[in-house]
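One structure is given below, encoded as structure tokens.
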Amino acid sequence: MINILYASLVCCAFCATTSCDDDTYGDAPRDWSNTTTFFASTDDAGFQTYYTPAIGRCGDPMPFFDPKADDFKVLYLQEYDNNGACYHPFWGISTKDGATYESLGEIIPTGTSTAQQDASLGTGCAVYNEQDGLYYIYYTGYNVLLPNREVVMRATSPDFKTWTKDNNWALKGVDYNYAASDFRDPQVFKADDGFWHMVISSKLRFADFKSSDLKNWEHVGSFNMVWDRMCECPDIFKMGNYWYMVYSEGYRAAWSRKVKYMMATSFEGLKACFGDPGANWPKDGHEGVLDSRAFYGAKTASNGQDRYIWGWCPYRVGTTIHDRNINVGADGEPAWSGALVCHKIIQHADGTLSLGKVPAMAAKYNKEQPVAIMASNGSSTAKGSMTGAVTLTGDDAYVLFSRLGTANHISFDVTTSNNWDKFGISFVRGTDSEKYYTMVVNPENENTRKVNFEQEGPEGKGFIEGIDGYNFQRPGDNKYHIDIYTDNSVLVMYINDVCAYTQRIYGIQKNCWSINNYGGSVTISDVHVAQQ
């Protein structure tokens, strides 16, 4: 009893002069800004920019610009860890700018019984019909227990709040010689002929229907998919003088399963492109690929001025940060569902497309942070505040920068000394790290670059199959302007408006990051880090 009383008195005296709120029983708070060792950080419960619901995850976004509310509504398939017998109701969010979102809650519920065709829901789309003042959502009714596993169904609403399912109507693929097991992902739009058209994904074919009133539909034919690959989530739109189809190539090889597009000067010409895909890829140097394998199920919407595209960045599973970061699923499908990622679509003079940063992101990440060099090798600048330019020379040359926050906007320029220099950007890197994660801007040849993902460090695996980027042209002046946006473990990198690369890297926040050189010489300048 005496010993216990003595210990209590000592503790009270100690707490009188120091804080007892800290885990260290009164030790001064640790100054993380001056440390460089690895920290096993975890994602916050809420994502600030790349929308993730409080519970569960987002699958297959279905964006729609609402002309009455003057905002974007983004529907998505709500995924839970334990879905239950009836799953994937449509939930929704609204946004003005693709950077800040407000939840709309559940929009279209599933059926209440496994005996119903819509026991589970699949991808669809929303449109507004000025003729009758109604919103329409066309969606996939999915039930593996029924003869027609997938059919197209619809619901209507006068205000985008109260929805009525039309249970007396459905489009069944078998009625038009399509598959009963694959007849899904309807996309509705106005075509050149003035009619509403609905394009539906079926087994190795797209079905085409048309309507004058969004109620009665006539089958008008079909067109091919890409060889033997299931093409999901079609999205058809006109932008300027060109028609486009954005689709997700469901082929599960490591080099495929990406969001791609076709282009033509008419809707009929667009359909004809799929007759010989290899001869009709967009002339963009990368066969119409728009992002990495960490961006999938994407569709677009336009407010009449800008067109944006939303897709989902998959989560990953594993016991540790290091397990999750390389568990891409190169030999199969990555984990399904995740966080919503939005890009702005950039249309180039020749009609080809690339993805760029959402303008509102820069205004959201508006708190400039000090940038300090914490360690370096082969660098022209020693430790201290980052001012001016830094030149890196030789193999294993790098500059390690101070710790990042939960959501970051990193921007900088890299100028290479010749046409073959190779550089990279690393995350989850500490001075004691045995493994860290690098996006390498790799010279595929003198004039072509591609972003590779590597696990570097003494115990690193090296190149990670299945999560590299696409080919893009080396800038003529060898200057790369790079913008990187992070939100917890979701990261998007943009290079010169010609390359977008989405990735999931756990542990970015509260760890240091670096820019690296691999032989030759590169100059780094104008480095900035801003947070929300």
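The table below lists the values:
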| read-out | value |
| --- | --- |
| Phi-based couplings in Hz for region 47-59 (Karplus 6.51, -1.76, 1.60; Gly and Pro marked x) | 9, 8, 10, 8, 4, 9, x, 4, 10, x, 9, 9, x |
| For Met239, distant residues with modelled amide H under 5 Å away | Tyr244 |
| Derived scalar couplings ³J(HN,Hα) [region 473-481; Karplus, 6.51 cos²θ - 1.76 cosθ + 1.60; whole Hz; x for Gly, Pro] | 7, 4, x, x, 9, 6, 10, 10, 9 |
| Pairs beyond 18 Å (Cα-Cα), from Lys96/Lys344; Lys73/Lys161; Lys190/Lys215; Lys479/Lys510 | Lys479/Lys510 |
| Read-out semi-axes √(5λ) of the Cα gyration tensor in Å, derived from the coordinates shown; its label in (1) 52, 25, 21; (2) 44, 30, 20; (3) 38, 32, 21 | (2) |
| Cβ-based charge dipole, region 219-351, positive-most Cα from Ala349, Gly285, Cys273 | Ala349 |
| Förster radius 22 Å - calculated FRET efficiency between Asn224 and Lys283 (Cβ-Cβ, nearest 0.05) | 0.65 |
| Rounded FRET efficiency, nearest 0.05, which uses the C-beta distance separating Ser211 from Lys367 and R0 of 41 Å | 0.25 |
| With Cα atoms, 0 to 90° folded angle of helix 2-17 axis to the chain main axis | 80 degrees |
| Sites Leu145 and Gln473 - FRET efficiency at Förster radius 45 Å, r taken between beta-carbons, to 0.05 | 0.30 |
| Solvent-accessible area of Lys479 with every protein chain in place, 1.4 Å probe, in Å² to the nearest 10 | 90 Å² |
| Residues of region 501-532 with amide N under 16 Å of a point placed 7 Å along Cα→Cβ from Asp323 | 506-507 |
| Residues whose placed amide H lies under 5 Å from that of Leu134, excluding near-sequence neighbours | Asn129 |
| Total charge dipole magnitude, the chain, about the Cα centre, Cβ charges on Lys, Arg, Asp, Glu only, Debye to nearest 20 | 300 debye |
| For region 438-452, Karplus couplings with θ = phi - 60° (6.51, -1.76, 1.60), whole Hz, Gly/Pro x | 10, 9, 9, 7, 9, x, 6, 7, 4, 10, 10, 10, 8, 8, 9 |
| Nonlocal amide H pairs with Thr265, under 5 Å, H built at 1.01 Å | Trp243 |
| Qualifying lysines (Cα of each under 19 Å from Cα of Lys283; at least 8 residues distant if same chain) | Lys238, Lys258, Lys260, Lys271, Lys450 |
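The values are calculated or read from the model by the stated rules, or taken from the named source; none is laboratory data. This one's a predicted model, so the numbers in the text were calculated from it and none came from an experiment. In this analysis, Cβ positions are derived from the backbone assuming ideal geometry, glycine residues included, and neighbour counts consider all displayed protein chains. Keep in mind that these areas ignore ligands, DNA and RNA; they rest on the heavy atoms of the full protein, side chains included. Shrake-Rupley method; radii C 1.70, N 1.55, O 1.52, S 1.80 Å.
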